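A short reminder: the numbers here are calculations on the coordinates, not readings from a lab. This is a predicted model, so every value here is computed, not measured. Virtual Cβ from ideal backbone geometry, glycine too; neighbours counted across all protein chains shown.
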Amino acid sequence: MDRKLNEYRSLASIEIPTKGWIHATRTALGMSLRQLGGRLGVKPQTVHDLEAAEASGGITLRTLREAGAAMSLKLVYGFVPQTQSLEELIENRARELAKEIVLRTSHSMKLEDQENARERIEQATRERAQEILREMPRYLWD
C-alpha cells in the first residue's frame, strides 16, 4: 500500500483551484457552461451548480468522474500520508500507545513509592512499542 500511496506524494503540494477543477478545466479548454452542459446532458445552470458544489466541497466522486469524462479527462484520487509512510504512521501510534500504557503503570508504582527511573520508563516504552508492532492489536487505533 505504501508503494501505491507514494505515487501520489508529489501531488500533495498541488493546490485545488479556488473555483474547483471543473471550472478551471472548463475555462482552460475554452468551453462554455452550455457546451459542458450539452456533453453532460444537463442545463448550463446545472453545470454552474456542479462547479459551486465542487468549490464548497459538496460534490460526489461520481459527479466529478462524469464531469471529467465529459471533458475527456479521467478522475484520479488518493490519499497521501502526512508522515513518510503508513509504516511510520503505525510506528508512531504504537509509540504513543506504549507511552500511555507505561506511564499509567509508572504512575501507579509512584503512588506506591516504587517510582521507576526515567531511563527504565523509556526502555519499557520502547519494548512495549515493539510488542504492539508485533501483535498489531485491534485497540491500536482506539
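Among the lysines in the chain, how many pairs, 8 or more places apart or on different chains, have alpha carbons under 22 Å apart? So the count works out to 4.
Rounded to the nearest whole Hz, the Karplus-based 3J(HN,Hα) values (6.51 cos²θ - 1.76 cosθ + 1.60, θ = phi - 60°) of segment 68-75 follow the sequence x, 4, 5, 10, 6, 10, 10, 6, with x at glycine and proline.
Taking 7 Å steps out from each Cα toward its Cβ at Y8 and L86 produces label points 1.1 nm apart. Seen from E100, the other residues with C-beta closer than 13 Å to its C-beta sum to a net charge of +3, counting Lys and Arg as +1 and Asp and Glu as -1. The convex hull drawn around the Cα atoms of segment 2-70, when projected onto a plane and averaged over every direction, covers 5.3 nm².
With K and R counted +1 and D and E -1, the other residues having a Cβ less than 11 Å from that of H23 yield a net charge of 0. With K and R counted +1 and D and E -1, the other residues having a Cβ less than 13 Å from that of V76 yield a net charge of +2. Look at [x] 2, 9, 17, 19, 17, 11, 8, 6, 4, 3, 2, 1, 0, 0; [y] 2, 8, 13, 13, 10, 8, 8, 7, 7, 7, 6, 5, 3, 2, 1, 0; [z] 2, 9, 17, 23, 22, 15, 7, 3, 1, 0, 0: the one that is P(r) over Cα pairs in 5 Å bins from 0, in percent derived from this structure is [y].
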